[in-house]
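J.: So that we are looking at the same thing, I have put the structure below in structure tokens.
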Amino acid sequence: MLKKLMLATAALGSFALAAPALAHDGHGRGHFRHHGNFHPHRPVVVVPPRVVHAPPPRVFYAPPAPVYYAAPPVVYRPAPVYGPAPESSVSIRLHFPL
């Protein structure tokens, strides 16, 4: 019960503190109305800007660069030369069954 009473007191206290900020000056709905010295403004004429149509700009493209294809260069490699296997070759004799 004490908790509810404290909550209600806090709510009413916050409204009481906010009341001066929300107060109205008592002039009714015409708060922003001019009192006696209101002069209506002159009518304002808004003229849209002139629309000027211009042709699209001329675009010039450079011609593409010429492409010349030539035959690839001929490469002559010497034929492989295999001599006799050397007699002093070393073998560690690893035999793996497949």
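J.: Please state which of the following conditions V74 fails to meet, knowing it meets all the rest: (1) at pLDDT 75 or above; (2) open to solvent by 100 Å² or more (accessible area, probe 1.4 Å); (3) under 46 Å from the mean Cα position of the chain (by Cα).
T.: The failed condition is (3).
J.: Moving on. When you check R29 against the structure, is it open to solvent by 100 Å² or more (accessible area, probe 1.4 Å) and at pLDDT below 80, yes or no?
T.: So R29 passes the test.
J.: State all residues of the stretch 32-62 that are modelled with pLDDT of 80 or more and over 45 Å from the mean Cα position of the chain (by Cα); if no residue qualifies, say none. Spell out how you get there, then give the answer.
T.: So in the stretch 32-62, the residues modelled with pLDDT of 80 or more come out as 42-62.
Hit for the stretch 32-62 is R42, nothing else.
The values are calculated or read from the model by the stated rules, or taken from the named source; none is laboratory data. Just so we're clear, the structure is a prediction, and the values are computed from it rather than from any experiment. When the accessible area is computed, the model is the full protein with side chains, heavy atoms only, and any ligands, DNA or RNA have been set aside. Shrake-Rupley method; radii C 1.70, N 1.55, O 1.52, S 1.80 Å.
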